[in-house]
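The structure appears right after this line, and notes come after that.
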Amino acid sequence: MSDLDIQQTDDGNLPVQKITWKMTLKKICCIGAGYVGGPSCAVIASKCPAIQVTVVDLSEERIKQWNSDHLPLYEPGLDDVVKSCRGRNLTFSTDIDTAIQEADLIFICVNTPTKNFGIGKGRAADLKYIEAAARRIADVSKSSKIVVEKSTVPVKAAQSISNILQANVKPGVKYQVLSNPEFLAEGTAVNDVLDPDRVLIGGEKNSLGKEAIEALCWIYEHWIPREKIIVMNTWSSELSKLAANAFLAQRISSINAISAICEATGADVSEVANAIGTDSRIGSKFLKASVGFGGSCFQKDVLNLVYLCECLNLPEAAAYWQQVVDINDYQRQRFANRVVESLFNTVTDKNITILGFAFKKDTGDTRESAAIYLSKYLMDEEARLRIYDPKVEKSQILRELTHPCISEDPSRVSKLVTIHQDPYEAAEGSHALIVCTEWDEFKTLDYHKIYQKMLKPAFIFDGRIILDHEALIEIGFHVETIGKRLSRKPVHRSIAPSTQ
Ligand code: UDX
Ligand code: ADP
């Protein structure tokens, strides 16, 4: 891409660019074909037919799946978007170097998990994949690039990427690093990219930075109104992403903390959420009490913020945000305790059916899912788990449960856990059923049939507040849910259901 190379003259301190980036933006490369890179770049390809988009990954298996009829992740609407442009202007490849060399603009969409070793263990983000991607760009690039960090990163990561690129720059090559955090949520990823609340772009204020920002704006303007694109400095952009996720997670922890009060007093958390949500200053979204938030972002990003506060010597701010994660741990543990307590203080050798293993509905993703922790607590009590999820593969569930952080002895998992393809089969002979994910299909199961299959008294623990509790009590179930006291004793048909 020689036409992208920047012609510089020295007019004071600011380099001048003769050719605008957007005029020559023809090829995009996305490093990382995961939950962020895959959907966001598939939508870009579908909306920008004149731009060639190549999504690359180290994992041959993942790329093979992206090129098949069975995409590596379940996301409503994604199959259609991918099919509409794959082979036209959307390519999935493991040839990372060629894609980098040919690209004018590179999205970095690699994973940034929480470090589980060394400095910042358990809090800081592990930036080794970001650094590896940046080094690869520096090693193979022969022309100038706009490098865009899309992965969620700690504040100042763009600076680190820039430092790596500048320290290894080849003659005649220039880099502009932008921050463009992705706000898509799993399960609604395609819609979120197609119709975002906003697009955030952070960059440098000099003329080259502004050119690069304009080029990225130009891509989004293919389908997003300009007024929804917010431009700011790089650090603000990086911090905004962490802060947005921390605020969302904080809302869930706040309502979950209220749910504990509800259970202790007889208030109903759904009524409380409804009441406070009607205040337009508070708003009604993200006030659904649950068994705890999961997913790859919330815990990681809040801990990232905690670590940032600690590094900046702001211990009070760190402690404040740490509480969001602590309440989430508390909620999961509290729910598990309630299961054990209700089942006459022992679950040892009891069959417990877990409905849902994904961290939320409409995704097959299980990262940090509350179901993992609940399973761990119950396995620690030697319960026998019968797990069903409509979208999560058996191998994935077993991988999560045999992870060293969950099971010290993985052989216990094969002894205690069975995975089922059918919810009725999973409920067979169970003492209790726990709803961990809010899959719509769980609302319409035939609970009469399930009741017949279960041991009595039959318990249902609704960790997502999605079931018709009165109807279940009417069938004969003992029902427990989050943030509301229902009948405490097994109820029989002849006994009027109690609400206390
Ligand atoms: C989140 C952010 O929403 C998204 O903007 C960001 O880009 C990535 O992180 P995601 O983790 O995919 O997205 O899902 P989200 O819908 O935010 O749910 C996260 C967790 O919170 C899930 O476990 C969900 O079940 C739980 N949740 C959500 C609640 O328990 N109650 C709620 O009211 C909302
Ligand atoms: P996210 O949810 O942030 O998208 P994922 O784990 O789903 O995270 O996807 C990240 C992807 O990035 C993985 O498929 C991983 O193989 C890929 N990846 C990590 N490092 C590199 C790299 N240096 N080059 C190419 N791909 C990479």
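The values are calculated or read from the model by the stated rules, or taken from the named source; none is laboratory data. What you see is a predicted model, and the numbers here were worked out from it, not measured in a lab. Every residue, glycine among them, receives a Cβ derived from its backbone with ideal geometry; neighbour counts consider all protein chains shown. We work out accessible area using only protein heavy atoms, side chains counted, and drop any ligands, DNA or RNA first. Shrake-Rupley method; radii C 1.70, N 1.55, O 1.52, S 1.80 Å.
Rounded, prolate or oblate: pick one for the stretch 34-84, where a ≥ b ≥ c are the square roots of the eigenvalues of its C-alpha gyration tensor, a/c under 1.5 means rounded, and failing that, prolate if a/b is larger than b/c, else oblate.
Values: a/c = 1.80, a/b = 1.30, b/c = 1.39.
Note, shape of the stretch 34-84 comes out oblate.
What full-extension length gain, to one decimal in nm, is calculated for Asp326 and Asp95 as 0.36 nm per residue of separation minus the Cα-Cα distance? Mind showing how you got there, number by number?
Numbers: separation 231, 0.36 × 231 = 83.16 nm, distance 4.24 nm.
Result for the pair: 78.9 nm of gain on full extension.
Please flag any cysteine in the chain that has no other cysteine's Cβ under 4.7 angstrom from its own Cβ.
So far as the 4.7 Å Cβ criterion goes, Cys29, Cys48, Cys85, Cys109, Cys217, Cys262, Cys297, Cys309, Cys311, Cys405, Cys436 stand without a partner in the chain.
Report the FRET efficiency, 1/(1 + (r/R0)^6), for Ala471 and Glu425, where r is their Cβ-Cβ distance and R0 is 22 Å, rounded to 0.05. Can you show the working numbers first?
On the way: r = 22 Å, r/R0 = 1.02.
Given R0 = 22 Å and the Cβ-Cβ separation, E is 0.45.
Loop-only check: which chymotrypsin sites (Phe, Trp or Tyr not before Pro) in the stretch 73-120 are DSSP coil with at most 12 other Cβ within 10 angstrom?
Numbers: sites: Tyr74, Phe92, Phe107, Phe117; in loops: Tyr74, Phe117.
Qualifying residues, ordered by number: Phe117.
Could you report the accessible area of Thr98 in Å², rounded to 10, computed with a 1.4 Å probe on the protein chains as they sit in the structure?
About 50 Å², rounded to the nearest 10.
In debye to the nearest 20, how big a dipole does the chain give about its Cα centre with +1 on each Lys and Arg Cβ and -1 on each Asp and Glu Cβ? Walk me through the numbers on the way to the answer.
Numbers: 58 positive and 64 negative charges, 38 e Å.
My answer is approximately 180 debye.
Please give the helix 315-342 orientation as an angle from the longest Cα principal axis of the chain, in degrees from 0 to 90, rounded to the nearest 10.
So the inclination is approximately 30 degrees.
For the stretch 219-293, report the accessible area per residue in Å² (1.4 Å probe, heavy atoms, rounded to an integer).
On the way: 3620 Å² over 75 residues.
Value returned for the stretch 219-293: 48 Å² of accessible area per residue.
Does the stretch 330-463 come out rounded, prolate or oblate by the C-alpha gyration tensor, with a ≥ b ≥ c the root eigenvalues, rounded set by a/c under 1.5 and, if not, prolate when a/b is larger than b/c and oblate if not? Working shown, then result.
Details: a/c = 1.44, a/b = 1.11, b/c = 1.30.
In terms of gyration-tensor shape, rounded.
Multiply the residue separation of Arg399 and Leu312 by 0.36 nm, subtract the distance between their alpha-carbon atoms, and state the gained length in nm to one decimal.
Values: separation 87, 0.36 × 87 = 31.32 nm, distance 3.65 nm.
So the chain would gain 27.7 nm between Arg399 and Leu312.
Carbon and sulfur together cover what percent of the accessible area of the stretch 315-465 at a 1.4 Å probe radius?
Details: 3110 of 6300 Å².
It is 49 percent, rounded to a whole number.
Here is the link list: Lys415/Lys449; Lys288/Lys415; Lys145/Lys285; Lys83/Lys394; Lys145/Lys361. Which ones come out longer than 31 Å on Cα distance? Please report the intermediate quantities before stating the final value.
Values: Lys415/Lys449 27 Å; Lys288/Lys415 35 Å; Lys145/Lys285 39 Å; Lys83/Lys394 27 Å; Lys145/Lys361 38 Å.
Checking Cα-Cα distances, Lys288/Lys415; Lys145/Lys285; Lys145/Lys361 exceed 31 Å.
For the stretch 141-213 and the stretch 23-53, what is the separation of their Cα centres, given in Å?
Spelled out, the Cα-based centre of one part sits 14 Å from the other.
Below 8 Å between Cα atoms, with a sequence gap of 6+, how large is the relative contact order for the stretch 189-241 in percent? Mind showing how you got there, number by number?
On the way: 46 pairs, mean separation 26.4, N = 53.
Reported relative contact order: 50 percent.
Taking only protein heavy atoms and a 1.4 Å probe, what accessible area per residue, in Å², does the stretch 70-212 have with all protein chains in place?
On the way: 5720 Å² over 143 residues.
On a per-residue basis, the stretch 70-212 sits at 40 Å².
Name the residue from Val340, Ala42, Pro72 whose Cα lies farthest towards the positive end of the charge dipole of the chain, charges +1 on Cβ of Lys and Arg and -1 on Cβ of Asp and Glu.
Val340
Counting only protein heavy atoms and a 1.4 Å probe, tell me what percentage of the stretch 106-195's accessible area is made up of carbon and sulfur. Write out the running numbers ahead of the final one.
Numbers: 1780 of 3500 Å².
Carbon with sulfur: 51 percent of the solvent-accessible area.
Give me the angle, in degrees from 0 to 90, between the Cα long axis of helix 370-380 and the longest principal axis of the Cα atoms of the chain, rounded to the nearest 10.
Its long axis makes an angle of about 50 degrees.
When a/c reaches 1.5 or more, the comparison of a/b and b/c decides; with that in mind, is the stretch 317-409 rounded, prolate or oblate per its Cα gyration tensor?
Numbers: a/c = 1.71, a/b = 1.13, b/c = 1.52.
Oblate, since a/c reaches 1.5 and b/c is not below a/b.
Work out the FRET efficiency for Lys128 and Asp69 from their Cβ-Cβ distance, taking R0 = 22 Å, and round it to the nearest 0.05.
Numbers: r = 33 Å, r/R0 = 1.50.
Efficiency, rounded to the nearest 0.05: 0.10.
Check which residues have an amide H placed less than 5 Å from Lys174's amide H, if you skip close sequence neighbours.
Ile6, Ser144, Lys145
Rounded to the nearest 10 degrees, what's the angle between the helix 207-220 long axis and the longest principal axis of the chain, both from Cα atoms, 0 to 90?
Tilt of helix 207-220: around 50 degrees.
Counting only helical runs of four or more DSSP H residues, what would the 222 nm mean residue ellipticity of the chain come to if each run contributes -39,500 (n - 2.57) and the total is spread over all its residues? Before the final figure, lay out the partial values.
Numbers: 19 runs with 208 residues, N = 500.
Rounded to the nearest 500, it is -12500 deg cm²/dmol.
When only C-alpha pairs under 8 Å and at least 6 residues apart count, what is the relative contact order of the chain, in percent?
On the way: 989 pairs, mean separation 56.4, N = 500.
It rounds to 11 percent for the chain.
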